[in-house]
1. Exactly one of (1) buried (at least 18 other Cβ atoms within 10 Å of the Cβ); (2) in contact with a Lys or Arg (Cβ under 7 Å, 6 or more places away or on another chain); (3) not in a helix (DSSP H, G or I) is unmet by Phe321. Its number?
2. For the range 208-301, which fully contained strands (runs of 3 or more DSSP E) count at least 2 residues that are surrounded by 16 or more Cβ atoms within 10 Å (Cβ to Cβ) and of a type outside the set (A, V, I, L, M, F, W, C)?
Amino acid sequence: MEFNWKFWQYISEEQWIDIGFAIGILLLFHLLRKIFTKYVFYFIRRFFNRDKTELIKQILDAYEKPIRWLFVIIGLYIAVDFFPYLSNENGIFLNIIQASLIVLIAWGLYNLCSTSSLLFMKLNDGVGLEVDQILIPFLSKALRIIIITITISLVLSKFGFDVNGFVAGLGIGGLAFALAAQEVIKNFFGGVVIITEKPFTLGDWIRTPTVEGIVEDINFRSTIIRTFAEALVTVPNSTLSNEAITNWSKMGKRQITFNLGVEYSTPKEKLEIVVERINDMLNNHDEIHKETIFVKFDKYNDSSLDIFLYFFTISTQWEKFLNVKQDINFRIMEILEEEGVSVAFPSRTIYMDNGNVAVTNEKEE
């Protein structure tokens, strides 16, 4: 306590005034920071809150927090000029201020590179590049890593560190790291293959030998797929890129095919009428694709005369597909009932030793 008391005794009245000015400047900029955030920044955002200026609004949102801290840095820079024993021309202090400004700029760019940013969408209009939905999360992560790396390099260079030597050291040690991280590298390039070849995009329904479900995300290491049981499955990109991928979401139409077996006792004329009426019904159905419709008397089966049906629904959506399929089944039932034709079921004929014939019909369970 005695040491501190003697120290304060050496501070002159003018120096106390300077300290008061420095503290006042810090408080003033702290107040300005709050005013700017609450009123000015809010007004600017409201002004740009239109469809045509959505990108500007997003840039403002990205730099909202960095601008708050900019007021603190400016206030600190001005206050130090009044504070005794400190100078804002000091080399270390200037380096700290400049490094802080670099971090604030990088902070805003980092926020701007989020997956929801319009920056990637505007590439389609301004540059003419097609940005697929599955590319956005991958590109976002890559840009953020680049921003962080460049920011660290610039900050280190401000404090006199040899960045070139640091990068060279990473290059020398990178070989050992690469050997120890072969799986990570394989997954990274697997992700690159998936993104460049575009076998699927976010929201697609895919099936592989490993998993079937909806694609939710892709990152540097893996692809996240939600199964129809609502479970999340993480598949390494190296595995996925080497598997056969069936993309059901890319269907332009959806197939329905089955055999309709009628009884052997059905007369030829009735069978011809049933085939013709089912064919006409499918051709006149609004939800059936007209390009490919086959309704043919196909074969003599063990217990039935089989009519082969092969056609496609216009909708590929699962629930609508099932509704159309159900409607077709009901209409076929009506046709069979109107023509007096019965659907066959498996039967068995047994020949007895005494020469009499017994015929039994048994339904399969």
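Please treat every number below as a calculation from the coordinates, not as lab data. Please read these numbers as outputs of a predicted model, since none were measured by experiment. In this analysis, Cβ positions are derived from the backbone assuming ideal geometry, glycine residues included, and neighbour counts consider all displayed protein chains.
1. Of (1) buried (at least 18 other Cβ atoms within 10 Å of the Cβ); (2) in contact with a Lys or Arg (Cβ under 7 Å, 6 or more places away or on another chain); (3) not in a helix (DSSP H, G or I), only one is false for Phe321: (3).
2. Values: elements: 212-218, 222-226, 232-236, 254-262, 294-300.
Output list reads 212-218, 222-226, 254-262.
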